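I'd like to ask you about the structure that follows.
Values quoted throughout were computed directly from the atomic coordinates according to the rules given, and no laboratory measurement underlies them. For clarity, every value in this text was computed on a predicted model and none was experimentally measured. In this analysis, Cβ positions are derived from the backbone assuming ideal geometry, glycine residues included, and neighbour counts consider all displayed protein chains.
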C-alpha cells in the first residue's frame, strides 16, 4: 500500500511540475518572439521552438537549459520541507498544492527578473535575445550561468523553516544584488573586457562569466539555506558570506591560473585563443572550491 501511495504521489507531483514548466514555456516563448519582432524576418524563425528544433541553435538551447535547471533548484527549495501525502486527506493535499502553486509562481517571477537583469544590467552592452537568435553561444553560456546561479539563490531563499514568501523575496533580492555587484567587480578586475568579448561571440569568455557567477551562487546558497531566525541575523550572515565569496573568488581564480595553467594565462587563453577548454578547467575548479567555502561559511 505504501509503495502504491508513493508511486501515485510521485506521479501527481511530477505532473504538477510539468504543468508549471509548460506554463513557463509559453511565457518564455512569447517573450522571446516579442523581443525579436522589431528586427522582422520570417515569423517562424522568431520562435524558440524553431531555433532549437530546426536551426539547431545551441545558444538558444543554453538559455532554455539554464532556466530549466534554475527552476529545478528553486523548486527543490520550495518542496524541501516536504509535501502533504494523500493519506493526510484531500483537503490538506489541495491546500498544499495551492501553496506550492503560489511559490512556483513567485519562482517563475524570480527567473524572469533574472533574465531582465542579465539583459539590462550584467550584459547591458549586448542585445541578448538577438545575439542568441544569431547563434552567439557566448551569450548563451553567460545566461546559463546567471540562471543557474539564480536557481541556487532561490533554493536557499525558499529552503529552511521560519520564513515565508516575504523572506524568500528579501533574500532573493539580496542575492541578485550580490550577483550584479560581483559581475561589475569581475568585469573591472579581469585583464580584458569580458562583456565585449561575449558580445563578439567568445564562448570561452561566456563560460568564464557564467561559471564564475554559478560559483558565487553556490556560496550564497549555502549561506542562506537555513532556518530564518530574524532579519538582523539573516542580513548579517548573508553580507558576511557574500563578502567572503566576492573577496576570495577572484584571488582564487588567479591562483588556479598559476597552478593548473602553468604555461599560459587566462588572458591569453580566453581573449586571444578563445580556449573553452581552459575556461572549463578554471570554472570547474572554482565550483569545487565554492562548495568547500560555502560549507565552511554555513557551518
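Could you tell me the relative contact order of segment 155-299? Use alpha-carbon pairs under 8 Å, at least six residues apart, and round to a whole percent.
That works out to 34 percent.
Now, a different point. How big is D, in µm² s⁻¹, for the chain by Stokes-Einstein at 20 °C and 1.002 mPa s if Rh is the Kirkwood radius over C-alpha pairs?
Answer from the Stokes-Einstein relation: 106 µm²/s.
Something else: To the nearest 0.05, how large is the calculated FRET efficiency for residue 101 and residue 287 if R₀ is 35 Å and r is the Cβ-Cβ distance?
0.60
Among 190, 129, 212, whose mean-square fluctuation peaks in a Gaussian network model of the chain (Cα, cutoff 10 Å)?
Fluctuation is largest for 190.
Also, quick follow-up: Of 65, 284, 221, which has the largest mean-square fluctuation in a 10 Å C-alpha GNM of the chain?
Most flexible of the set in this elastic network: 284.
Next question. P(r) of segment 172-273 in 10 Å steps, Cα pairs, percent per bin?
That works out to 14, 42, 28, 13, 3, in percent per bin.
Now for a different question. Mean-square fluctuation check for the chain, GNM, Cα pairs under 10 Å: which of 186, 166, 103 is largest?
Result: 166 has the largest fluctuation of those listed.
Can you give the calculated 222 nm mean residue ellipticity of the chain, where each DSSP H run of n ≥ 4 adds -39,500 (n - 2.57) and the sum is split over every residue, rounded to the nearest 500 deg cm²/dmol?
It lands at -26000 deg cm²/dmol.
Say R0 is 22 Å: what FRET efficiency, to the nearest 0.05, do residue 16 and residue 76 get from their beta-carbon distance?
The computed FRET efficiency comes out at 0.95.
Over the chain, calculate the relative contact order: mean separation of alpha carbon pairs under 8 Å at least 6 apart, over the residue count, as a percent.
Reported relative contact order: 18 percent.
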